[in-house]
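Here's the structure we're looking at; comments come further down.
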């Protein structure tokens, strides 16, 4: 991943300059530029199960997103995985149009230890594809607005 290597290069330069380098390997997004796009960050359900982590899932289909419907790109979904007790987001997975752009919202949230409620209660412009990220976050603790 070129973006991972770039972060490692910056961290190395910081260390060589006597500073503290930082790369959070748990929060490096991955994007597969296929049709549809696939993007992920953090843990998968399989990894959480194997580690014995209690988690909750919020999933939102693009078929329920206004922008996706208007653009006729309704194949896809957003899935958010959050700790069952603390609500801290542990992973995010997106399949569909714009996945490689939308994954960064989840990445930033995870970098700062945010919860699905933090994301779900953040105002998103309408109509946008990124509303699907908000709706998936809402689905972890409540009901999505547009379903």
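The values are calculated or read from the model by the stated rules, or taken from the named source; none is laboratory data. Here the structure is a predicted model, which means the values were calculated and not measured. Because the Cβ atoms are built from the backbone with ideal geometry, glycine has one as well, and the counts that use them run over all protein chains shown.
Residue 108 meets each of the listed conditions (1) modelled with pLDDT of 95 or more; (2) more than 16 Å from residue 120 (Cα to Cα) apart from (2). Elements of the type helices (runs of 4 or more DSSP H) sitting completely within the stretch 47-147 and holding at least 1 residues that are touching a residue at least 12 places away in the same chain (Cβ under 8 Å), touching a strand residue (DSSP E or B) at 6+ places or on another chain (Cβ under 9 Å) and under 24 Å from residue 4 (Cα atoms): these cover 99-111, 131-141. Scanning the stretch 31-46 for residues that are assigned to a strand (DSSP E or B) and farther than 21 Å from residue 73 by Cα turns up 41, 42.
To keep it simple, each residue is scored yes or no on (1) farther than 18 Å from residue 107 by Cβ; (2) at pLDDT below 95; (3) touching a helix residue (DSSP H, G or I) at 6+ places or on another chain (Cβ under 7 Å).
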{"site": "2", "(1), (2), (3)": "no, yes, no"}
{"site": "21", "(1), (2), (3)": "yes, yes, yes"}
{"site": "47", "(1), (2), (3)": "no, no, no"}
{"site": "62", "(1), (2), (3)": "yes, no, yes"}
{"site": "71", "(1), (2), (3)": "yes, no, no"}
{"site": "81", "(1), (2), (3)": "no, no, yes"}
{"site": "87", "(1), (2), (3)": "no, no, yes"}
{"site": "91", "(1), (2), (3)": "no, no, no"}
